[in-house]
Amino acid sequence: MSSLPDNFLFQPSLEQLLAEIVAINHAWKEARFMFGNSAGLTVSLRNLKTRSQVRLLRNYAPEKVYLKIDEEALEPSLEVDNDAETGEPLYGLILRKPVNGVTDAAHLPMRVAQEFLSESEIQRFTQN
């Protein structure tokens, strides 16, 4: 018998999604460092992080989390490992209240947000 709630997989809590995103983000960064941006593991982890972030936004934005353009951070180019000079603009996924010491759910490149979210979702989820 499992002690997990019935909706664990279909409606994960904010805490569950945040823990997942934080863990995946750390693993993705390690994979980039060890194997490079184009390695299969790195790409899979990046895609999993994106899907989890989109799920977080669709389930909890804008009431508990919102998108905010991060003026100071740039995602390194996918073609050039660890080269922030050729980076792209990012959204931060910012929590309205910290959850277990976590204040954000990592960065999401604006290009990726536009690929996975509708324009109306981006407008609804974004706070300037």
Would you point out the residue of segment 94-116, among those that are within 19 Å of ILE24 (Cα to Cα) and polar (S, T, N, Q), that is surrounded by the fewest Cβ atoms within 10 Å (Cβ to Cβ)? ASN100
Looking at (1) touching a helix residue (DSSP H, G or I) at 6+ places or on another chain (Cβ under 9 Å); (2) assigned to a helix (DSSP H, G or I); (3) under 15 Å from VAL112 (Cα atoms), which is the only condition ASN47 fails? (1)
Does segment 49-59 contain any residue that is among the charged types (D, E, K, R), open to solvent by 90 Å² or more (accessible area, probe 1.4 Å) and modelled with pLDDT of 95 or more? yes
If the requirement is being at pLDDT below 95, outside any strand (DSSP E or B) and surrounded by 13 or more Cβ atoms within 10 Å (Cβ to Cβ), which of these qualifies: ASP81, ASP70, ASP6? ASP81
Going by what's in this entry, would GLU15 be described as modelled with pLDDT of 95 or more, exposed (fewer than 13 other Cβ atoms within 10 Å of the Cβ) and not in a strand (DSSP E or B)? yes
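What residue, among those in segment 102-128 that are in contact with a helix residue (DSSP H, G or I) (Cβ under 8 Å, 6 or more places away or on another chain) and of a type outside the set (A, V, I, L, M, F, W, C), is nearest to LYS49 (Cα to Cα)?
Step by step, filter segment 102-128, then rank; the result is GLN114.
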Scanning segment 24-44 for residues that are in a helix (DSSP H, G or I) and either touching a helix residue (DSSP H, G or I) at 6+ places or on another chain (Cβ under 7 Å) or closer than 22 Å to PRO98 by Cβ (or both) gives ILE24, ASN25, HIS26, ALA27, TRP28, LYS29, ALA31, ARG32, PHE35, LEU41, THR42
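The values are calculated or read from the model by the stated rules, or taken from the named source; none is laboratory data. Because the structure is a prediction, the values reported are computed rather than measured. Quick reminder, even Gly has a Cβ in these numbers, built from the backbone with ideal geometry, and neighbours come from all protein chains shown. Surface areas here come from the heavy atoms of the whole protein model, side chains and all, with no ligands, DNA or RNA. Shrake-Rupley method; radii C 1.70, N 1.55, O 1.52, S 1.80 Å.
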